[in-house]
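Each reported figure results from applying straightforward, stated rules to the coordinates on display, with no laboratory input. Treat the numbers as computed from the prediction; the structure is a model and nothing was measured. For neighbour counting, all protein chains shown are included, and Cβ atoms are generated from backbone atoms with ideal geometry for every residue, glycine included.
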Amino acid sequence: MSDKGAVVIDLKFERREVDQALTKAFAGRKVLHASDKSADLSEARYAVLWKPDLDLFRRAPKLEVLFSGGAGVDSILAVPGLPDLPIVRFVDETLTTRMSEWVVLQALSHLRQVPAYLGQQRSRIWRELSQPEAGDVTVGVMGLGVLGQDSVRKLKIMGFDVIGWSRSRKDIDGVETFDGSELDAFLARTDILVGLLPLTDETRGIFNASLFGKLRQGGALGKPVFVNAGRGGSQVETDLLAALENGILGGASLDVFENEPLVSDSPFWAMDNVIVTPHAASASDVRALFRNAEAQMERFERGEKLQHLVDRMIGY
Ligand code: NDP
Ligand code: OXD
């Protein structure tokens, strides 16, 4: 075995996919599985992890870099006893493209009244509904990071009027942007609100009754629509449910929930104007994840800076 650093894999993903991806990954490196409780992890330098075992850091005390199995790192940052090591987020075109596909799909579904037409189909009703133009609908994206910026570009291509909000103002061609202090002005313009925020102390519960009440009423869709693929901890589900029931919101597309999996008796499943997907907006492609981690390990061993590092002070 070469002197390249050993890697521990602790991914709570489909094992078959992980094993298959490993056949073409980490050449020249020892690969260890945290799930193998008899494995000696004591010399491992790297861990690729998603929902890691609580004893991982005790078993692997010489880790130097952690690689997140996903773009969001809230669950890693919440692990008790997490060592103070650099954490690399998963950033890859496959993940970005999948998320933009989901976001555009949801925006188009609400624009083109897919939930209503599916209801009509089930009742065998042939009735054309009124059809607003995409350009008359403003999609407001909260979170203009890697995923948000690609989504706004693709929403623009579909003809929507697109605006965006993030902690620090972004400069994106053809998109009006707002900074953290301008949330109310941003919401007042928004017909379809898209959440692509990380879960942090600041964003926990941000999608609440007060926020829903500030979205534009009477736009081209009549009532505003809420779309969330960031994290469920950012939405207050009792407020969301009330807003959908009392008509503050006209619909929603939800990929993430306060508690996952969504319980079978959740009212969201049965709401005609709500589209539910099982945290599947953008699943990590394991082959791409390993390719990225491997490239970063090579950089690290050449003495170059790691990319896509998490800022633990701000939590993303
Ligand atoms: P980035 O870190 O690239 O972007 C995060 C964005 O959120 C930045 O624009 C940042 O602002 C903004 N932001 C963070 N906190 C605040 C705040 N308090 N106020 C205003 N803006 C804030 O993340 P990604 O785009 O890569 O991913 C976003 C999230 O998407 C992930 O954290 C994860 O939770 C979720 N995700 C969900 C998936 C799914 O399948 N449902 C799949 C992948 C990711 P600034 O630019 O100023 O720093
Ligand atoms: C991620 C996710 O953060 O899948 O990548 O949610």
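Placing unit charges on C-beta atoms (Lys and Arg positive, Asp and Glu negative, everything else neutral), compute the dipole magnitude of region 97-214 about its Cα centre in debye, rounded to 20.
For region 97-214, the charge dipole is close to 540 debye.
Could you put 316, 46 in order, starting from the residue whose Cβ has the fewest other Cβ atoms within 10 Å?
316, 46
Using the basic label-point model (7 angstrom from Cα toward the beta carbon), what is the residue 38 to residue 168 distance in nanometres?
That separation, rounded to one decimal, is 5.1 nm.
Can you tell which of 65, 206, 76 lies farthest toward the positive end of the dipole of region 64-218, using +1 and -1 charges on the Cβ of basic and acidic side chains (Lys, Arg; Asp, Glu)?
Checked the options; the winner is 206.
Spin-label point model (7 Å from Cα, Cβ direction): what's the residue 31 to residue 295 distance in nm?
Taking the simple label geometry, residue 31 and residue 295 are separated by 1.8 nm.
Please list the non-local residues whose amide H lies under 5 Å from the amide H of residue 140, H modeled 1.01 Å from N, same-chain partners needing a gap of 5 or more.
Answer set, sorted by chain and number: 163, 191, 192, 193, 194.
Using packing as a proxy for protection, rank 70-78, 57-65, 105-113 so that the peptide with the highest average count of other Cβ atoms within 10 Å comes first.
Packing order, densest peptide first, comes out as 105-113, 70-78, 57-65.
State to the nearest 20 debye the size of the charge dipole of the chain about its Cα centre, where the only charges are +1 on K and R beta carbons and -1 on D and E beta carbons.
Charge dipole of the chain: 520 debye, to the nearest 20.
Listed here are the pairs 51/170; 30/51; 12/154; 62/170; which of them are more than 27 Å apart at the Cα?
Correct reply: 51/170; 12/154; 62/170.
Suppose a student asked you for the relative contact order of region 80-182, using Cα pairs under 8 Å spaced at least 6 residues apart; what percent would you report?
22 percent
Against the longest principal axis of the chain, how steep is helix 286-301, in degrees 0 to 90 to the nearest 10, with axes from Cα atoms?
50 degrees
With r defined as the distance between the Cβ atoms of residue 153 and residue 58 and R0 fixed at 35 Å, what FRET efficiency is calculated, to the nearest 0.05?
Result of the calculation: an efficiency of 0.20.
Give the long-range amide H neighbours of residue 90: residues separated by 5 or more places, or on another chain, with amide H under 5 Å away, using H modelled in the peptide plane at 1.01 Å from N.
Under 5 Å from the amide H of residue 90 lie the amide H atoms of 68, 70, 71, each far enough along the sequence or on another chain.
Could you work out how far apart the two model spin labels at residue 270 and residue 312 are, taking each label as a point 7 Å from the Cα in the direction of the beta carbon, and quote it in nm?
Between residue 270 and residue 312, the label points sit 4.6 nm apart.
Ranked highest first by average number of other Cβ atoms within 10 Å, how do 121-130, 236-245 line up?
For the peptides 121-130, 236-245, the packing ranking is 236-245, 121-130.
Suppose every Lys and Arg Cβ carries +1 and every Asp and Glu Cβ carries -1, with no other charges. What dipole size does region 189-316 come out with about its Cα centre, to the nearest 20 debye?
460 debye
Subtract the Cα-Cα distance of residue 188 and residue 24 from 0.36 nm times their separation in residues, and report this length gain in nm to one decimal.
Using 0.36 nm per residue and subtracting the Cα-Cα distance, I get 54.1 nm.
Determine which lysines satisfy two conditions relative to residue 24: a Cα distance under 19 Å, and not lying fewer than 8 residues away in the same chain.
In chain and number order, the partners are 4.
Applying the Karplus parametrisation 6.51 cos²θ - 1.76 cosθ + 1.60 with θ = phi - 60° to the phi angles of region 140-149, what ³J(HN,Hα) value in whole Hz is obtained for each residue in order, glycine and proline being reported as x?
The phi angles translate into x, 9, 9, x, 10, x, 4, 6, x, 5 Hz.
Let me check against my output: what whole-number percent is the relative contact order of region 1-151, with C-alpha pairs under 8 Å and at least 6 apart?
Relative contact order for region 1-151 comes out at 17 percent.
For region 119-165, what D do you get in µm² per second when you plug the Kirkwood radius from alpha-carbon pairs into Stokes-Einstein at 20 °C and 1.002 mPa s?
This corresponds to a translational diffusion coefficient of 171 µm²/s.
Expressed as a rounded percentage, what relative contact order does the chain have, with Cα pairs under 8 Å and six or more residues apart?
Relative CO of the chain lands at 17 percent.
Using +1 at the C-beta of Lys and Arg and -1 at the C-beta of Asp and Glu, which of 244, 221, 197 has the Cα lying farthest in the positive direction of the dipole of region 191-249?
Of the candidates, 221 comes out farthest on the positive side.
Label region 1-92 by shape, choosing from rounded, prolate and oblate, from the square roots a ≥ b ≥ c of the eigenvalues of the Cα gyration tensor; if a/c is under 1.5 it is rounded, and otherwise prolate applies when a/b is larger than b/c, oblate when it is not.
In terms of gyration-tensor shape, rounded.
Kirkwood Rh over Cα pairs of region 158-242 into Stokes-Einstein at 10 °C, 1.306 mPa s: D in µm²/s?
118 µm²/s
Per DSSP H run of at least 4 residues, take -39500 (n - 2.57); add these up for the chain, divide by its residues and hand me the 222 nm value, nearest 500 deg cm²/dmol.
One gets -8000 deg cm²/dmol as the mean residue ellipticity at 222 nm.
Once both axes come from the Cα atoms, what is the angle between helix 93-111 and the longest principal axis of the chain, in degrees from 0 to 90, rounded to 10?
Long axis of 93-111 versus the principal axis of the chain: about 10 degrees.
Counting only residues 5 or more places away or on other chains, whose amide H sits under 5 Å from the amide H of residue 275 once H atoms are built in the peptide plane?
252, 253, 254
Counting DSSP beta bridges with both partners in the chain, what percentage is antiparallel, nearest 5?
Antiparallel bridges: around 5 percent, rounded to the nearest 5.
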